[in-house]
Amino acid sequence: MLYTNENLYTQLFFLTKKAPFLKILPAFMVGILAQYYFAFSLRIIYSSIALFTFFVLVGLFVSYRHTVFIRWLFGITLLLVCTGLGALTAYFNTGNNHDTSFTKLYSGTEKVLVVLQEPLVLKANSYKALATVKAVYSNKNEWKVASGNVLLYFKKDSNYIKQLQYGSTIVIHANLSPITNAGNPGGFNYKAYCAFQDIYFQAFLQNSQFSIVNTFSTNWLQAWLLQTRENVLAIIHEYIPSKNEQSIAEALLIGYRGNLDRDLVQAYSNTGIVHIIAISGLHLGMIYSLLLFVCNFFKQKKWMIVIKPILVLGIIWCFTLLAGAVPSILRSAVMFTCIVIGEVFRKKANIYNMLAASACIILLFQPFSLWDVGFQLSYTAVLGIVLFSKPISHLFLFQNKLLKLFSTLFSVTIAAQIFTLPILFYHFHQLPTLFLFTNILAVPLSTIVLYGLLFLLVFHVVFSKIAFVLGWCIQHIIWAMNDFVVTINELPFSVVGGIQVTIVQVILLFFTICFLAIWIWYKKTKAFLFAITCCTLFTALRCVDFVDKIRQQQFIVYNVPKHTAIDIIDGRSYQFIGDSILLEDGFLRNFHIQPSRVKHRLNKPLNASHFSLENNLLCIGNTTILLLNGKPITMQPLAKKIDVDVIIVTQNPTIYLKEVAAIFNCKQYVFDASNSFRKMSYWQKDAQALNLCSHFVTKDGAFVMNLNERTL
């Protein structure tokens, strides 16, 4: 057993000795983090690696001939080399660091030659595609080789939509726009997310702003995967016609999420089973189990010794590539590869070493996966299962096979949740309270559906009549699963939301969990004291933050495209002013506004007596705010200007800033995202000419005004 009383330090020593990647991985991760936040030059990185490597080579001759201290120094130096390699990997995977980087060659006016890397994806008002930059037309009338990616959007009524496909080469004549964040407090960092994929620009193209070149640039593997995906989607559409059930089948089988309903995805997330529709190691594990089951029928055949590993690894990696090779499934693919290779050579791999090795391999090729939520949840969940599932299962000893199965599922679910909770709190700010109940029912159902979909693909080829019956059954099982999830989600206690933790608090939570586990398993009093200390620090930081939030007074104009959204904040209370659709549309509210309310720990509406709104004039204590929102307003010069703290221009009013400035003595002008781009470009020029202090939320992000003294 891992958890004996006297052998803690001995077991940890042997564990790291048998699993060397457990030491390499943290050092490699530190290098990636250091390079991202401090951006060391290539000269510094190379010099550091060379210096540490020299000490390692020296250590090879002296480490085993001298003191334990020298040996420790040798080990630390070796880990510092790994840290340098991590920094080097991050450097070369940062597009801006290359001489051919598109961001260095493009000034904003040149023509750009790009190749589409995927078929067009249908959006609400356009078609979207990722494209790779091949060249930039320089001022010297020549094409310069460039590298990087751009996001392109095409109008739905474009005449060229049918001609655009994977591998199409086009020349862009329009100016590309830098990708920016919405700038809403607590909002998703879209700019950083795109930068991790070497995407820094985007363009919304009219028919006249691009031309198609009669050449194609494709990769045979990518083309085959895209074609296979289209064929799989066509089969699903043929046998599962219902839209919601169809979209779940697509996500479950190959990770295609383009047709998922937003509210349905939110329901799966709120009930703690979003991993079912987010392609992960769970799906690959099911396929691996099925392959082993099939191979067992031929285990007596000698040729299976060669065929089995080739067949298993071939199907696993085809499925991984077909599903987009996301980190969660890549991790599992690498792990299963190690298991299969270990079986071939009659060696049993160490699970901790496999986990750490697979993480190192992924980070070696995709270092910025470290910031990927799926990557984080995947590894913390598996680590929790490895560490805690057996101890938890020992609490439930059943002889009945069905009860034993449910207790195993229960143990695995609890174990997976233990380490993922801090990650869930940090990224999603919620806790699904019924995750045990939903997982126990939904995981078996999703397993049946996945196996059913795999057999559907087979029967589509050999016996279409059985495929129709199978498709009907799968559709009704998915319908039952969806109905169950939606019903649970509608329960008032199904999810606890509004949880806000900082990165320091997340680290303290992890330490608390680890020390408590050591105390429970090894009965170490020091571990319990450390756990109490970490928990106390965590509580103290939260208390300080709560006190700080009780004293806050703010006025926020959010950046919500084509909408007006304003929050008045006093302490932990708020009042919303803006478009009513933001109160009805859960996705818009949760994406643009809710993160700010969670960050500021807002939990109840503000008392209307704390402010007044009359004739477009908003008074918050001593602060006066004028809303120019499209309603007619008389612009007649006055003998004395009216003092106003802020003027918010919203809903495309017909105004001229010169006339407004002649009437109001205003310290700050704010133009929200509900105004048209054309009008805002005029107002921006006028504001510069009149030397007005202006804030355009579409360009500058959300406008946040702190009310320094208590005026509410």
task = Tally the residues that are assigned to a strand (DSSP E or B) and within 24 Å of the chain's Cα centre (by Cα), restricting the search to the range 119-143.
result = 9
query = Any idea how many residues of the range 563-577 are surrounded by fewer than 20 Cβ atoms within 10 Å (Cβ to Cβ) and hydroxyl-bearing (Ser, Thr, Tyr)?
reply = 1
message = Please verify whether PHE188 is within 30 Å of ASP567 (Cβ to Cβ) and not hydroxyl-bearing (Ser, Thr, Tyr), treating the condition exactly as stated.
response = yes
ask   = Among the listed residues PHE69, PHE14, PHE61, which satisfies the condition of being modelled with pLDDT under 75, under 30 Å from HIS394 (Cα atoms) and either assigned to a helix (DSSP H, G or I) or not polar (S, T, N, Q) (or both)?
value = PHE14
message = Tell me whether the range 483-494 contains one or more residues that are assigned to a helix (DSSP H, G or I), modelled with pLDDT of 85 or more and closer than 26 Å to ASP372 by Cβ.
response = yes
key: From the options THR512, THR536, residue that is closer than 29 Å to ALA416 by Cα, surrounded by fewer than 14 Cβ atoms within 10 Å (Cβ to Cβ) and of a type outside the set (A, V, I, L, M, F, W, C)   = THR536
When residues of the range 550-562 are limited to those that are within 25 Å of the chain's Cα centre (by Cα), surrounded by 20 or more Cβ atoms within 10 Å (Cβ to Cβ) and not hydrophobic (A, V, I, L, M, F, W, C), the one nearest to LYS604 (Cα to Cα) = TYR558
task = Could you list, in sequence order, all residues of the range 532-586 that are closer than 19 Å to THR624 by Cα, outside any loop (DSSP other than H, G, I, E, B) and among the polar types (S, T, N, Q)?
result = GLN553, GLN554, GLN575
inquiry  = Please verify whether SER369 is of a type in the set (Ser, Thr, Tyr), part of a helix (DSSP H, G or I) and farther than 23 Å from VAL412 by Cα, treating the condition exactly as stated.
reply    = yes
remark   = Checked against (1) under 27 Å from the mean Cα position of the chain (by Cα); (2) at pLDDT 90 or above; (3) in a helix (DSSP H, G or I), LEU450 satisfies every condition except (2)
Residue match in the range 433-445 (condition: modelled with pLDDT of 85 or more, among the β-branched types (Val, Ile, Thr) and in a helix (DSSP H, G or I)) = yes
key: Hits in the range 155-179 - residues which are touching a Lys or Arg at 6+ places or on another chain (Cβ under 8 Å) and not in a loop (DSSP other than H, G, I, E, B)   = THR169, VAL171, ILE172
remark   = Residues in the range 203-231 that are loosely packed, with under 14 Cβ neighbours inside 10 Å and in contact with a Leu (Cβ under 7 Å, 6 or more places away or on another chain) total 0
ask   = Do we find a residue being within 33 Å of the chain's Cα centre (by Cα), surrounded by 12 or more Cβ atoms within 10 Å (Cβ to Cβ) and modelled with pLDDT under 85 anywhere in the range 630-653?
value = no
Sole exception among (1) under 29 Å from PHE365 (Cβ atoms); (2) without any contact (Cβ under 8 Å) to a residue 60 or more places away in the chain; (3) surrounded by 18 or more Cβ atoms within 10 Å (Cβ to Cβ) for GLY86, by number = (2)
query = What single numbered condition from (1) buried (at least 16 other Cβ atoms within 10 Å of the Cβ); (2) of a type outside the set (Val, Ile, Thr); (3) at pLDDT 75 or above fails to hold for TYR3?
reply = (3)
key: Candidate set: the range 456-469, residues that are aromatic (Phe, Trp, Tyr) and over 20 Å from TRP479 (Cα atoms); chosen: the one surrounded by the most Cβ atoms within 10 Å (Cβ to Cβ)   = PHE459
ask   = Residues SER411, SER407: which one is touching a helix residue (DSSP H, G or I) at 6+ places or on another chain (Cβ under 9 Å) and modelled with pLDDT under 80?
value = SER407
request  = Go through the residues of the range 88-98 one by one and say whether even a single one is over 29 Å from the mean Cα position of the chain (by Cα) and modelled with pLDDT of 85 or more.
outcome  = no
ask   = Hey, any hits in the range 296-306 for a residue that's surrounded by 20 or more Cβ atoms within 10 Å (Cβ to Cβ) and outside any loop (DSSP other than H, G, I, E, B)?
value = no
remark   = Within the range 434-455, residues of a type in the set (Ser, Thr, Tyr) and surrounded by fewer than 19 Cβ atoms within 10 Å (Cβ to Cβ) come out as THR447, TYR451
ask   = Does ILE518 satisfy being assigned to a helix (DSSP H, G or I), touching a residue at least 40 places away in the same chain (Cβ under 8 Å) and not basic (Lys, Arg)?
value = yes
ask   = Here are some conditions: (1) farther than 19 Å from GLU110 by Cβ; (2) buried (at least 18 other Cβ atoms within 10 Å of the Cβ). TYR200 meets all but one. Which one does it not meet?
value = (1)
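The values are calculated or read from the model by the stated rules, or taken from the named source; none is laboratory data. Quantities reported herein were computed from a predicted structural model and do not represent experimental measurements. Note that each Cβ is placed from the backbone with ideal geometry, even for glycine, and that neighbours are counted across all protein chains shown.
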